[in-house]
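The values are calculated or read from the model by the stated rules, or taken from the named source; none is laboratory data. All values derive from a computational prediction rather than experimental measurement. Counting neighbours? That spans all protein chains shown, and the Cβs are built from the backbone with ideal geometry, glycine included. Heads up: the accessible areas ignore ligands, DNA and RNA and are worked out on the full protein's heavy atoms, side chains in. Shrake-Rupley method; radii C 1.70, N 1.55, O 1.52, S 1.80 Å.
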Amino acid sequence: MAAGLLLAAGAFFWAASRALETPVSTAVLEGDLLIALLAVVVAGTAATLVGAWHFTSSAVRPVGEITAQATQIEAGTLDQRIVAHAETEEYEGLVAVLNRMLERLERGFAAQRRLTADVSHELRTPLTVLQGRIEVALRAERSPREYQLVLRDALEEIDRLTTLSEDLLLITRADARLLAPERVATDVEALVTGVLDGLHRRIEEKDIQVERSFPQDGRPVSIDPALITRLVDHLLDNAVRYTPIGGRIGVRVEATAPGGVGLVVENSGPEIAAQGLAHLFEPFYRVDPARTREGGDGAGPGLGLAMVAAIARLHDGAAHVASGPAGTRFEIDLPSPPSL
């Protein structure tokens, strides 16, 4: 580009110097100057086009690299990351955003695969038990009483499957925002008291001390009573399950920001390790993988605390957990509904 401009400038100055040094006619002089000007224009245009082509090709080259690499990434290769030789902040920012999106997609696909495997396992267990008991019953003639026992056991397994499917459906619909809470003014203190009364026998059997604190004096809160009852039931069932004999459970209901309510459930059970706390509200997660279905987090297959978090999110709230040597503490924040 620079050589072209120099050439054009040289032609122009040559024509000008020739006009000054050699006596020529006006027509010849004008012709030389016209040729020189045309040379300048042509050379300048060519240099501009070459420079523009070089600039645009270098500017869009990272786009081609990003497109080519992104096209090769599929569901099974989400661990790959985009690398582009870009020096501008805009392209670097685009690559960073795309890589963060790939990280989120990778985590989402991994969670989906893990959930599918867990669901398959949890479905296979009761189905296997059900099949085994029916096969045993069919091997020989049984008395009506024996058939009744087999049918009763089969009904229990069917109830487990029904509960599992309903709980899992609630969690997935809540996460997808396909379920809306049916809010009505509810006395949360009375709701919690009713759940505690239902656990009274188990609490007495383990000689657990229950400390209640209801300072909001029965003020009604706009919540879905059916969903919050399930939330409270899972939290208190979990607390009773892991509180040792002679231990303590604390339950507190407190008013939060205008129209909201906070629920705190504490138990004096064993401390949960930090790495377990980060996954405690995930479906099918168990702090101790060796636990049986009856020893999960309060919902058998490990859906109880995941459901607690899902119900809290449905109410635009959140579930939190902390654990230490003195026990474990769950906090549920249920803000007031947004104004219409």
Could you pull the accessible area for Tyr242 with a 1.4 Å probe, rounded to 10 Å²?
50
Over the range 189-287, what relative contact order in percent results from Cα pairs under 8 Å that are six or more residues apart?
28
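Going by a ≥ b ≥ c, the root eigenvalues of the Cα gyration tensor, does the range 188-286 fall in the rounded group (a/c under 1.5), the prolate group (a/b larger than b/c) or the oblate group? Could the numbers behind the result be given before it?
Numbers: a/c = 1.81, a/b = 1.26, b/c = 1.44.
The shape class here is oblate.
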Restricting attention to the range 189-251, which trypsin sites (Lys or Arg not before Pro) occupy a DSSP loop and are surrounded by at most 16 other Cβ atoms within 10 Å?
Lys206
When the Karplus curve 6.51 cos²θ - 1.76 cosθ + 1.60 is applied with θ = phi - 60°, which whole-Hz ³J(HN,Hα) does each residue of the range 150-163 get, with x for Gly and Pro?
4, 5, 5, 5, 5, 5, 4, 5, 5, 4, 4, 5, 5, 5
Indicate the gyration tensor shape class of the range 119-209 (rounded, prolate or oblate), computed on the Cα atoms with a ≥ b ≥ c the square roots of the eigenvalues: a/c under 1.5 is rounded; otherwise a/b larger than b/c is prolate and the rest oblate.
oblate
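Once the piece of chain linking Thr163 and Thr45 is laid out straight, how much longer is it, given 0.36 nm per residue of separation minus the C-alpha distance between them?
Working: separation 118, 0.36 × 118 = 42.48 nm, distance 7.70 nm.
Gain on extension, Thr163 to Thr45, equals 34.8 nm.
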